[in-house]
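Encoded as structure tokens, the structure appears first; notes follow it.
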Amino acid sequence: MSANEMFLVDDDLFFRVASDVLIKRGIPELDIVQFENGLEAYQALVERVENLESLPKLLFLDLNMPIMSGWEFLEELKGVSSTICEQIQIYIVSSSIAPEDVNLFETYDFVNGYISKPLNLQDLEKVNETLSLIGDV
């Protein structure tokens, strides 16, 4: 496990593959772990906390996914120890431009931002500014 790890949570394989390439180009210090749905990512976070393992520095979360949506994931995080939320920069990355989605994320004080798909280098540059990583985009 890397100290500079990120979780990429999205059910769209094409988006995950394209984002992986872009993120490695923009923030090469990050090791990316991919998840197809919120439940897989949530279980991985809880397991790491229980095993006293390091948490990822960054998490990109899609909203509309099967099994556990991004909203359900965020609700689950609200119910657990603040340890997870305090240690991870969480960004919603979604194709939804619905005002209710864009505004609803603000009700989660532990979510750092909302990025509209497609992900681009300018988005990564802004995210990188909030991380304590060495290197520039």
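Quick note: the coordinates plus some simple rules give every number you see, no bench work behind them. Not measured: the values here are computed from a predicted model. Cβ placement follows ideal geometry from the backbone for every residue including glycine, while neighbour counts extend to all protein chains displayed.
A DSSP coil position with no more than 11 other Cβ atoms inside 10 Å describes the following GluC sites (Glu not before Pro) in segment 29-127: E53.
Largest GNM mean-square fluctuation among F14, F105, F60, using the chain with Cα springs under 10 Å: F14.
Shown for L45, L39: other C-beta atoms within 10 Å of each C-beta, ranked fewest to most, produce the order L39, L45. As a rough footprinting exposure proxy, the listed residues V111, V21 were ranked by other beta carbons within 10 Å of their own, and the order from fewest upward is V21, V111. For K78, the lysines whose Cα falls under 20 Å of its own Cα, not counting residues fewer than eight places away in the same chain, are K57. Hey, with R₀ at 25 Å, roughly what FRET efficiency would S82 and K126 work out to, going by the Cβ-Cβ distance, to 0.05? Efficiency, from the Cβ-Cβ distance: 0.55. With contacts taken as Cα pairs under 8 Å at a separation of at least 6 residues, the chain carries a relative contact order of 26 percent. Scan the chain and note any complete DSSP helix (H) whose C-alpha atoms cover at least 15 Å along its axis and whose Kyte-Doolittle average is 0.0 or more. Membrane-span-like by this rule: 13-26. Principal axis extents of the Cα atoms in the chain, from largest to smallest and rounded to whole angstrom, are 38, 35, 26.
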